[in-house]
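The values are calculated or read from the model by the stated rules, or taken from the named source; none is laboratory data. Nothing here was measured: the structure is a model prediction, and the numbers come from that model. Because the Cβ atoms are built from the backbone with ideal geometry, glycine has one as well, and the counts that use them run over all protein chains shown. Note: areas computed on protein heavy atoms with side chains; ligands, DNA, RNA excluded. Shrake-Rupley method; radii C 1.70, N 1.55, O 1.52, S 1.80 Å.
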Amino acid sequence: MADDRFQAPDYYNLDELLTEEHKLIRDTVRAWIKKDVSPIIEEYAQKAEFPKQIIPGLAEVGGFGPYIPEEYGGPGLDQIAYGLIMQELERCDSGVRSTSSVQSSLVMYPIWKYGNEEQKMRFLPKLATGEFMGCFGLTEPDHGSNPGGMVTNFKDMGDHYLLNGAKMWITNAPIADVAVVWAKSEEGRIHGLLVERGMEGFTTPETHDKWSLRASITGELVFDNVKVPKENLLPNKSGLGAPLGCLDSARYGIAWGAIGAAMDCYDSALRYSKEREQFGVPIASFQLTQKKLAEMLTEITKAQLLTWRLGVLRNEGKATSAQISMAKRNNVDMALKIAREARQIHGAMGITSEYSIMRHMANLESVITYEGTHDIHLLITGMDITGISAFKNDGTQFS
Amino acid sequence: MKIIVCISKAPDTTSKIAFTDGNSKFDENGVQFIVNPYDEWYALVRALELKEANGGSVTVLNVGDASNDAIIRKALAIGADDAVRIDAPTQDALFVAKQIANYVKENNPDMVLLGKETIDYNGSQVGGMVAAILDMPYVSLASKLDMNGTTATIEREIEGGVEVIETSTPFVLSAAKGMAEARIPNMRGIMAARTKPLNVVAAIAADNATEIKSFSLPPAKTGCKYVDADNVEQLIDLLHNEAKAI
């Protein structure tokens with residue numbers, strides 16, 4: 001990839017809504033990305049390999065559990081700081097942000113919120129430094145948008161639980177030391193279990209041949225009569241609301257992350273259009289190019305405002321799941337459209353690894369599907385405003 | 001080893017430059033400010049390296065108003081132990097130098113480090129003035145600094161070669177490229193910076209010795225004109241009559 005010349009757009013001076021520390025954190029992550037990740041990301045995406053060597057750096061800039069309190073090894077930052085970190089990581093690559101999102105919102109968050117003191121002390125500090133990597137098992141081969149239908153289950157065997165089932169599309173699975181796994185008890189209640197690498201019957205085969213998130217590692221979690229110690233059950237919350245609480249946190253981070261990807265596409269397109277000449281003039285002088293660029297910046301600015309406000313609501317503990325759905329859906333769709341428009345501005349160059357555009361576009365095809373698909377989030381908004389669920393369907397009308 | 005690093009605030013290098021008040025003031029609207037890179041990347045980081053090797057303390061010193069606190073916090077996040085801001089608006093180099101010299105005199109550091117210039121007005125004056133006021137050795141544009149007890153061995157890049165200088169503490173040094181490798185703060189540093197002392201002290205009375213009357217931007221870039229390689233006469237005509245370069 002060419003030199004990382006990224007300059008963040010801030011058309012409405014939204015920096016004035018941030019604290020000095022927010023800006024310092026954001027600029028620190030941006031500087032680290034430019035120095036350590038941008039120079040290698042394209043190569044790793046091309047060879048479909050997760051750059052493991054960035055884990056310590058990712059931990060140092062606060063990429064693992066930024067809002068986890070200091071007593072558990074985190075920096076105890078607020079939700080805006082978390083969002084800004086996600087924005088900067090995804091500005092580079094959605095896969096890098098995914099690694100961080102999963103560790104933070106889907107592994108550290110449930111241990112922090114639903115775990116007991118011993119579990120928190122045992123896992124959180126090591127997850128914060130990247131010494132431990134974690135993953136989150138909710139989605140199953142036959143249960144994606146309908147996680148409540150999961151078949152992974154555990155039985156109480158007296159001195160341990162016996163876990164059986166399989167999870168699919170799990171970010172970080174092949175490198176995880178610990179998996180937060182959601183499974184049904186004999187009573188059909190969903191609980192979180194901490195399944196550790198090395199437990200007999202627990203395997204994590206890698207998912208190969210992805211066209212998206214190629215610099216992030218994805219796999220399955222397979223449980224074949226895994227004996228899970230009873231102390232590994234998360235005791236403080238059960239039911240579908242427990243994993244959905246984690247998803248709220250992760251989706252919030254994705255809303256910020258998508259802005260990062262969009263900013264990178266816009267910034268690259270703006271620069272390219274001023275440098276690239278056709279018919280003797282820069283292509284930025286053509287109305288159709290200006291239309292694309294102006295619409296991109298308008299959409300980015302709207303998303304920035306929406307997401308900043310959502311961050312304030314999160315800080316106040318007032319953001320609803322439906323509000324988070326709206327932001328995730330809007331921003332990822334916005335970023336994907338901008339990536340496609342930016343690709344057009346880059347012409348044929350846009351398909352090469354000289355520019356980040358096509359990588360962002362391919363990544364965002366995953367991001368628009370995972371953590372709640374584009375359609376499901378729309379139906380969540382629909383349900384929230386009408387009070388009627390359109391996505392629960394018992395199938396009786398088709399029988 | 002007690003080290004004072006003078007840092008100044010500078011506009012981010014990507015800022016759009018404009019002026020107000022009849023072109024006599026820099027327009028700060030919408031401008032992001034950073035720690036002057038020469039102060040941060042070279043002077044501060046080398047000071048931290050010397051402290052890590054020899055013990056001691058690194059204090060960052062800034063002359064400016066409260067809007068400078070953000071860049072001071074960044075220096076603390078990178079690793080300085082504490083900070084002092086001499087509370088005064090700044091414009092004139094001699095005024096700033098007098099403030100720094102007064103603080104240095106009262107606090108007796110082993111050395112005062114600063115960048116070779118600040119990337120806003122590029123005056124390169126303050127270091128030399130501080131040294132002169134305090135009657136200390138001054139080494140400018142240093143690219144290497146090693147300490148052995150109270151003896152400093154300093155390298156300067158000069159036209160076509162390298163000059164090696166020896167001096168002893170206390171001294172003033174301005175740092176150039178090569179002195180150290182820039183450090184990115186980490187989250188631990190940012191958290192620690194929240195509670196590190198940032199002491200605000202009153203400025204001493206001093207007059208501005210100079211006054212900026214106006215700024216002007218360079219003429220806007222115009223497009224390239226291509227002249228056929230065989231048409232030397234046209235080239236000379238354009239250079240003479242249009243560009244007025246010859």
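Name the residues in region B:28-53 that are crowded, with 24+ Cβ neighbours inside 10 Å and among the small types (Gly, Ala, Ser), would you? Once the filter is applied, which keeps residues that are crowded, with 24+ Cβ neighbours inside 10 Å and among the small types (Gly, Ala, Ser), region B:28-53 yields B:43, B:47.
Only a single item in (1) open to solvent by less than 40 Å² (accessible area, probe 1.4 Å); (2) small (Gly, Ala, Ser); (3) at positive phi is not met by residue A:261, and it is number (3).
In the condition set (1) open to solvent by 50 Å² or more (accessible area, probe 1.4 Å); (2) touching a Ser or Thr at 6+ places or on another chain (Cβ under 7 Å); (3) not basic (Lys, Arg), residue A:146 is compliant with all but (2). The single condition among (1) within 14 Å of another protein chain (Cβ to nearest Cβ); (2) in contact with a Ser or Thr (Cβ under 8 Å, 6 or more places away or on another chain) that residue A:76 does not satisfy is (2). Number of residues in region B:170-195 that are facing chain A (nearest Cβ under 9 Å), open to solvent by 50 Å² or more (accessible area, probe 1.4 Å) and among the β-branched types (Val, Ile, Thr) equals 1.
Scanning region B:133-170 for residues that are within 18 Å of residue B:51 (Cα to Cα) and basic (Lys, Arg) returns a single hit, B:144. Restricted to region A:30-50, and to residues there that are touching a residue at least 60 places away in the same chain (Cβ under 8 Å) and acidic (Asp, Glu), the residue that is nearest to the other protein chains (Cβ to nearest Cβ) is A:42. Restricting attention to region A:88-99, does a residue exist that is of a type in the set (Gly, Ala, Ser), within 14 Å of chain B (Cβ to nearest Cβ) and farther than 30 Å from residue A:225 by Cα? No, region A:88-99 contains no residue that is of a type in the set (Gly, Ala, Ser), within 14 Å of chain B (Cβ to nearest Cβ) and farther than 30 Å from residue A:225 by Cα. Of the residues in region A:325-342, not one is within 21 Å of residue A:14 (Cβ to Cβ) and not in a helix (DSSP H, G or I). Residues in region A:351-383 that are within 17 Å of residue A:145 (Cα to Cα) and among the acidic types (Asp, Glu) were compared, and the one that is farthest from the chain's Cα centre (by Cα) is A:375. Within region B:12-42, the set of residues being away from chain A (no Cβ under 14 Å), touching a helix residue (DSSP H, G or I) at 6+ places or on another chain (Cβ under 9 Å) and not polar (S, T, N, Q) comprises just one member, B:39.
Taking residues in region A:1-29 that are facing chain B (nearest Cβ under 7 Å), and partners anywhere that are at pLDDT 95 or above and open to solvent by 60 Å² or more (accessible area, probe 1.4 Å), the pairs with Cβ atoms closer than 7 Å and at least 6 places apart or on different chains are A:20/B:73; A:24/B:73. Taken over region A:293-318, the criterion of being aliphatic (A, V, I, L, M), surrounded by fewer than 20 Cβ atoms within 10 Å (Cβ to Cβ) and closer than 23 Å to residue A:378 by Cα is satisfied by A:305, A:306, A:312, A:313. Cβ-Cβ contacts under 6 Å between residues 6 or more apart (or on different chains), taken from a first residue in region A:278-289 that is under 18 Å from residue A:268 (Cβ atoms) to a second residue that is open to solvent by 40 Å² or more (accessible area, probe 1.4 Å) and at pLDDT 95 or above, are listed as A:282/A:274; A:283/A:276; A:284/A:274.
Scanning region A:79-94 for residues that are among the aliphatic types (A, V, I, L, M) and under 12 Å from the mean Cα position of the chain (by Cα) yields a count of 3. Beta carbons closer than 8 Å, at least 6 apart along the sequence or on distinct chains, pair a first residue in region B:175-203 that is over 27 Å from residue B:89 (Cα atoms) with a second that is of a type in the set (Asp, Glu) for B:178/B:157; B:180/B:49; B:182/B:40; B:186/A:60; B:187/A:60; B:188/A:60; B:191/A:70. Screening residue A:389 with (1) surrounded by fewer than 16 Cβ atoms within 10 Å (Cβ to Cβ); (2) among the hydroxyl-bearing types (Ser, Thr, Tyr); (3) in a helix (DSSP H, G or I) gives one miss only, at (3).
Within region B:54-65, if we keep just the residues that are without any contact (Cβ under 8 Å) to a residue 60 or more places away in the chain and over 15 Å from the mean Cα position of the chain (by Cα), the residue that is surrounded by the most Cβ atoms within 10 Å (Cβ to Cβ) turns out to be B:58.
A search for C-beta distances below 7 Å between a residue of region B:66-81 that is within 7 Å of chain A (Cβ to nearest Cβ) and among the hydrophobic types (A, V, I, L, M, F, W, C) and any residue that is part of a helix (DSSP H, G or I) and open to solvent by 30 Å² or more (accessible area, probe 1.4 Å), counting only pairs 6+ apart in sequence or on different chains, returns B:70/A:20.
Would you confirm whether or not region B:227-236 contains a residue that is open to solvent by less than 50 Å² (accessible area, probe 1.4 Å), among the hydrophobic types (A, V, I, L, M, F, W, C) and touching a residue at least 40 places away in the same chain (Cβ under 8 Å)? No: zero hits.
Restricting to region A:135-194, name every residue that is charged (D, E, K, R) and farther than 21 Å from residue A:369 by Cβ. Give the steps one after another, and end with the answer.
Within region A:135-194, the first condition is being charged (D, E, K, R), and the residues that meet it are A:140, A:142, A:155-156, A:159, A:167, A:177, A:184, A:186-187, A:189.
If the condition is that a residue be charged (D, E, K, R) and farther than 21 Å from residue A:369 by Cβ, then A:155, A:156, A:159, A:177, A:184, A:186, A:187, A:189 are the ones that fit.
Across region B:12-27, a minimum of one residue is classified as among the aromatic types (Phe, Trp, Tyr) and either over 13 Å from the mean Cα position of the chain (by Cα) or loosely packed, with under 15 Cβ neighbours inside 10 Å (or both). Within region A:275-285, identify whether any single residue is part of a loop (DSSP other than H, G, I, E, B), touching a Pro at 6+ places or on another chain (Cβ under 9 Å) and either open to solvent by 20 Å² or more (accessible area, probe 1.4 Å) or polar (S, T, N, Q) (or both), and answer yes or no. For region A:275-285, residues part of a loop (DSSP other than H, G, I, E, B), touching a Pro at 6+ places or on another chain (Cβ under 9 Å) and either open to solvent by 20 Å² or more (accessible area, probe 1.4 Å) or polar (S, T, N, Q) (or both): present. Of all the residues in region A:338-350, those that are more than 24 Å from the chain's Cα centre (by Cα) and either touching a residue at least 60 places away in the same chain (Cβ under 8 Å) or buried (at least 22 other Cβ atoms within 10 Å of the Cβ) (or both) number 5. Among the residues making up region B:196-213, those that are among the small types (Gly, Ala, Ser) and either facing chain A (nearest Cβ under 10 Å) or part of a loop (DSSP other than H, G, I, E, B) (or both) are B:203, B:205, B:206, B:209. Since residue B:233 meets every condition but one in (1) part of a helix (DSSP H, G or I); (2) closer than 30 Å to residue B:86 by Cβ, which condition does it not meet? Of everything listed in (1) part of a helix (DSSP H, G or I); (2) closer than 30 Å to residue B:86 by Cβ, residue B:233 misses just condition (2).
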